[in-house]
Protein chains: 2
Amino acid sequence: VLDSAYPQQVCSIARSLEVIGERWTLLILRDALLGIRRFDELVDSLGVTRTVLANRLNKLVAHDVLERNRYQQRPERFEYLPTDKALALYAVLAQLILWGDEYYPNPGGPPRLLQHRDCGGALGVEYRCRRCQSELEVADIEARPGPGASTRASRAADLRV
Amino acid sequence: VLDSAYPQQVCSIARSLEVIGERWTLLILRDALLGIRRFDELVDSLGVTRTVLANRLNKLVAHDVLERNRYQQRPERFEYLPTDKALALYAVLAQLILWGDEYYPNPGGPPRLLQHRDCGGALGVEYRCRRCQSELEVADIEARPGPGASTRASRAADLRV
């Protein structure tokens with residue numbers, strides 16, 4: 001099912017991008033998480049052609065990121081529900097929102113505010129060490145070659161900042 | 001400079017993707033953060049054509065995500081250094097690594113391990129409310145329409161999970 005656009009890449013990011021690296025795909029996921037889940041609603045929201053949308057949705061269903069559900073019999077109509085695998089991408093989309101709002105602010109203000117549902121406080125994202133529990137800065141994180149690293153990756157230094 | 005692929009989208013994610021939504025672009029950023037920063041090293045690492053690479057690098061420099069630096073005079077050679085704006089994308093790349101390793105595990109094990117530099121513990125990413133300081137689950141976060149929301153966005157419910 002994977003279309004290996006980067007066959008020589010032994011890389012978790014490259015593997016993720018084979019599934020969700022296409023721009024429409026991430027916008028479809030955004031809409032699915034926002035509750036825009038019916039085919040016709042997605043066409044309206046995205047301004048994408050029906051053919052492109054159908055292709056992207058089929059791929060996401062094949063990868064178990066969305067689940068196809070028939071919500072009407074005659075005529076048949078389908079909606080696309082985010083799976084746990086889609087929810088696990090929430091962090092990626094949240095980070096893209098925060099980055100976009102910081103570096104490409106919308107003139108009218110942020111179109112979406114990520115907030116704590118209970119108290120309305122703004123969302124913050126933190127890095128924390130799972131062993132010693134300290135909060136980490138980017139400079140405290142290293143990306144060491146793991147057991148599945150290619151020779152090339154093992155030669156490269158860790159993520160330098 | 002922005003090529004507005006999604007002119008009708010008032011969305012922070014869509015704006016971010018106009019800069020970094022292309023798959024090679026994210027892999028270039030990955031390499032730049034890993035310390036692979038010279039043009040010829042990038043060609044080797046990515047297996048991308050020189051023309052495509054040059055285009056992507058020029059765009060990232062124009063957007064102040066990478067800084068072009070001449071490290072040799074004769075012949076002229078350039079490297080591309082991540083700016084603060086690139087470092088702010090570290091969280092996106094880290095999340096893509098964690099997602100890829102969870103759902104598309106490499107048969108030989110993770111190619112990269114994200115670790116706390118000091119103690120070797122695994123990286124965790126947490127959501128925290130900036131007001132009440134509680135740690136948040138995805139279900140605790142809502143994406144409310146902000147001041148710059150389009151009418152359509154204001155109609156949509158918050159991120160439902």
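Scan the stretch A:118-150 for residues that are polar (S, T, N, Q) and more than 27 Å from A:Arg15 (Cβ to Cβ) and jot them down.
Selection gives A:Gln133, A:Ser134.
Which residue, of A:Val43, A:Val48, A:Val92, is more than 7 Å from every other protein chain (Cβ to nearest Cβ), surrounded by 13 or more Cβ atoms within 10 Å (Cβ to Cβ) and touching a Phe, Trp or Tyr at 6+ places or on another chain (Cβ under 9 Å)?
Answer to the check: A:Val48.
Quick check: is even one residue across the stretch A:111-124 charged (D, E, K, R) and in a loop (DSSP other than H, G, I, E, B)?
Yes, the stretch A:111-124 contains a residue that is charged (D, E, K, R) and in a loop (DSSP other than H, G, I, E, B).
So which residues in the stretch A:31-40 are open to solvent by 10 Å² or more (accessible area, probe 1.4 Å) and at pLDDT 90 or above, if there are any at all?
Scanning the stretch A:31-40 gives A:Ile36, A:Arg37, A:Arg38, A:Phe39, A:Asp40.
So for the stretch A:126-139 (the condition being open to solvent by less than 10 Å² (accessible area, probe 1.4 Å), modelled with pLDDT under 95, out of contact with any strand residue (DSSP E or B) (no Cβ under 8 Å at 6 or more places or on another chain) and under 20 Å from B:Leu33 (Cβ atoms)), does at least one residue qualify?
Taking every residue of the stretch A:126-139 in turn, none turns out to be open to solvent by less than 10 Å² (accessible area, probe 1.4 Å), modelled with pLDDT under 95, out of contact with any strand residue (DSSP E or B) (no Cβ under 8 Å at 6 or more places or on another chain) and under 20 Å from B:Leu33 (Cβ atoms).
Name every residue in the stretch A:73-88 that is at pLDDT 90 or above and outside any helix (DSSP H, G or I), in order of residue number.
A:Gln73, A:Arg74, A:Pro75, A:Glu76, A:Arg77, A:Phe78, A:Glu79, A:Tyr80, A:Leu81, A:Pro82, A:Thr83
Based on this model, can you work out whether A:Glu18 counts as away from chain B (no Cβ under 12 Å) and touching a residue at least 12 places away in the same chain (Cβ under 8 Å)?
no
Looking for something touching a residue at least 60 places away in the same chain (Cβ under 8 Å) and under 19 Å from A:Val92 (Cα atoms) - is there at least one such residue anywhere in the stretch B:50-62?
The answer is no, given that none of the residues of the stretch B:50-62 is touching a residue at least 60 places away in the same chain (Cβ under 8 Å) and under 19 Å from A:Val92 (Cα atoms).
Which one of A:Asp31, A:Asp40, A:Asp64 is part of a helix (DSSP H, G or I) and over 22 Å from B:Leu136 (Cα atoms)?
Exactly one residue qualifies, and that residue is A:Asp40.
Checking B:Leu57 against (1) out of contact with any helix residue (DSSP H, G or I) (no Cβ under 6 Å at 6 or more places or on another chain); (2) part of a helix (DSSP H, G or I); (3) at pLDDT below 95, only one condition comes out false. Which one?
Unmet condition: (3).
Every residue in the stretch B:95-112 that is under 14 Å from the mean Cα position of the chain (by Cα) and open to solvent by 30 Å² or more (accessible area, probe 1.4 Å), please.
B:Leu98, the sole residue that qualifies.
May I ask you to say which residue of A:Asp64, A:Asp84 is within 12 Å of chain B (Cβ to nearest Cβ), on the phi > 0 side of the Ramachandran plot and open to solvent by 40 Å² or more (accessible area, probe 1.4 Å)?
None of the others qualify; the one that does is A:Asp64.
Quick test of your reading of the structure: A:Gln115 fulfils all but one of (1) of a type in the set (S, T, N, Q); (2) under 17 Å from the mean Cα position of the chain (by Cα); (3) buried (at least 21 other Cβ atoms within 10 Å of the Cβ). Name the failing condition by number.
(2)
The values are calculated or read from the model by the stated rules, or taken from the named source; none is laboratory data. Quick caveat: nothing in here was measured; it's all calculated off a predicted structure. A quick note on method: Cβ atoms are made from the backbone with ideal geometry, for glycine too, and the neighbour counts reach across all protein chains shown. Heavy atoms of the whole protein, side chains included, go into the accessibility calculation; ligands, DNA and RNA do not. Shrake-Rupley method; radii C 1.70, N 1.55, O 1.52, S 1.80 Å.
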